[in-house]
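The values are calculated or read from the model by the stated rules, or taken from the named source; none is laboratory data. This structure is a prediction, so every number in the text was calculated from the model and none was measured. Ideal geometry is used to build each Cβ from the backbone, glycine not excepted, and the neighbour counts take in all protein chains shown.
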Amino acid sequence: MLIPLVQNETLKILRRKRFAVVAAILFAIIALVTYSQYRRLRENRNRNWRAETQQQVASYQNTLRRGRIGESWARSLRAEINRLQFYLDHDIEPNKPTAPLFVRTFANVAGFLLLPLLVGILGSDIVSAENAEGTDKLLLTRPVRRWKVLTAKLVTLWGFATLTLATGAVLAYGVSAPFLPRGGWMAPTFTGFSIAKGALQIDAVRQLPLWKDTLIAYGLEWFALLTVACIALLLSVLFKSSAAAIGTMLASLIGGTILTRISPDWTAGKYLFVSALPLADYYTGEPPPYDGMSMLFCIALLGTWAIAATAISYTVFTQRDVFG
């Protein structure tokens with residue numbers, strides 16, 4: 001009985017053309033970034049990357065010496081200085097534009113805000129849209145258990161979250177490959193840099209081929225997007241207005257992201273689900289916005305949010321008054 005329900009929910013989302021809009025947004029953004037990477041590749045064809053990297057390190061060090069920045073930004077700069085110094089010491093050119101590296105970087109950059117926003121748009125009205133279309137009472141009085149109806153919606157939303165991430169990865173390679181070097185999947189990557197007591201910690205640094213590092217990063221972002229889908233489902237159950245559900249989701253993602261960047265001293269902010277969303281960043285070694293946010297902490301935090309949001313969604317949806 002669940003498969004036909006999932007098929008029906010899938011057709012609803014496709015009929016609203018939300019996913020077509022999501023794919024178009026991804027294509028437009030990826031095309032623009034690819035063009036900028038192509039320009040960078042052409043302009044820097046004969047550049048001295050070691051001199052540029054040393055100059056960048058010196059610039060960051062001068063910024064730290066001036067001391068007019070927040071602790072969160074200072075922690076990020078120290079991590080970046082040590083990361084760049086590591087590449088200099090090992091004679092590895094960091095961030096040379098290639099199509100495989102572009103795909104890998106997309107997981108970090110898009111997973112920070114873009115992909116959660118797109119999944120939020122897809123899922124925040126998956127239940128509330130029934131009220132706008134006048135089918136909510138029909139939905140609640142169907143001869144199907146309500147938990148099955150909501151499960152079908154959740155499974156469908158998880159499917160589209162997965163499809164959104166996969167579409168982004170495919171477009172990232174498909175659009176960039178004609179303009180950037182296509183090889184490099186076996187290139188070495190280094191992750192696991194961290195800062196502890198102001199010193200670089202390299203005990204956890206891992207060297208992996210780029211393809212394996214990319215799979216891990218996308219797997220982490222996939223888990224983060226599943227959490228976003230659960231929270232989007234909760235808002236769609238709580239709000240009967242699609243606009244209210246979508247607006248609340250967007251405000252939570254954007255507002256939470258801003259809050260974690262400008263209020264590093266508010267340590268309670270590390271328990272917001274938004275703080276843990278850039279899992280690919282934390283896996284790479286980027287310092288989190290708050291102290292004490294390890295990779296396992298972020299995964300456990302997102303899992304807790306997902307379980308709590310799902311439990312509340314089922315409780316409210318299964319007990320809702322048909323005429324309420």
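Within the range 31-38, not a single residue is in contact with a Phe, Trp or Tyr (Cβ under 6 Å, 6 or more places away or on another chain) and not in a helix (DSSP H, G or I). Just one of the numbered conditions (1) at pLDDT 90 or above; (2) surrounded by 18 or more Cβ atoms within 10 Å (Cβ to Cβ) is not true of residue 24: (2). Within the range 236-247, the set of residues being surrounded by fewer than 20 Cβ atoms within 10 Å (Cβ to Cβ) and either charged (D, E, K, R) or farther than 18 Å from residue 316 by Cα (or both) comprises 240, 243, 247. The set of residues in the range 41-56 being under 17 Å from residue 98 (Cβ atoms) and free of Cβ contacts under 8 Å to residues at least 24 places away in the same chain consists of 42, 43, 44, 45, 47. Among residues of the range 213-242 that are under 13 Å from residue 162 (Cβ atoms), those with a beta-carbon under 6 Å from a residue that is outside any helix (DSSP H, G or I) at least six positions away or on a different chain give the pairs 224/277. Does residue 174 count as within 27 Å of residue 13 (Cβ to Cβ), modelled with pLDDT of 80 or more, under 16 Å from the mean Cα position of the chain (by Cα) and not in a loop (DSSP other than H, G, I, E, B)? In short, no.
Residue by residue, here is whether (1) out of contact with any Pro (no Cβ under 6 Å at 6 or more places or on another chain); (2) over 28 Å from residue 154 (Cα atoms); (3) at pLDDT 90 or above; (4) part of a helix (DSSP H, G or I) holds:
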site: 7; (1), (2), (3), (4): yes, no, yes, yes
site: 42; (1), (2), (3), (4): yes, yes, no, yes
site: 58; (1), (2), (3), (4): yes, yes, yes, yes
site: 65; (1), (2), (3), (4): yes, yes, no, yes
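The single condition from (1) buried (at least 18 other Cβ atoms within 10 Å of the Cβ); (2) at pLDDT 95 or above that residue 194 fails is (2).
Only a single item in (1) of a type in the set (S, T, N, Q); (2) closer than 24 Å to residue 278 by Cα; (3) modelled with pLDDT under 90 is not met by residue 34, and it is number (3). Selection of helices (runs of 4 or more DSSP H) fully inside the range 266-323 by the criterion of at least 3 residues being of a type in the set (A, V, I, L, M, F, W, C) returns 273-276, 295-319.
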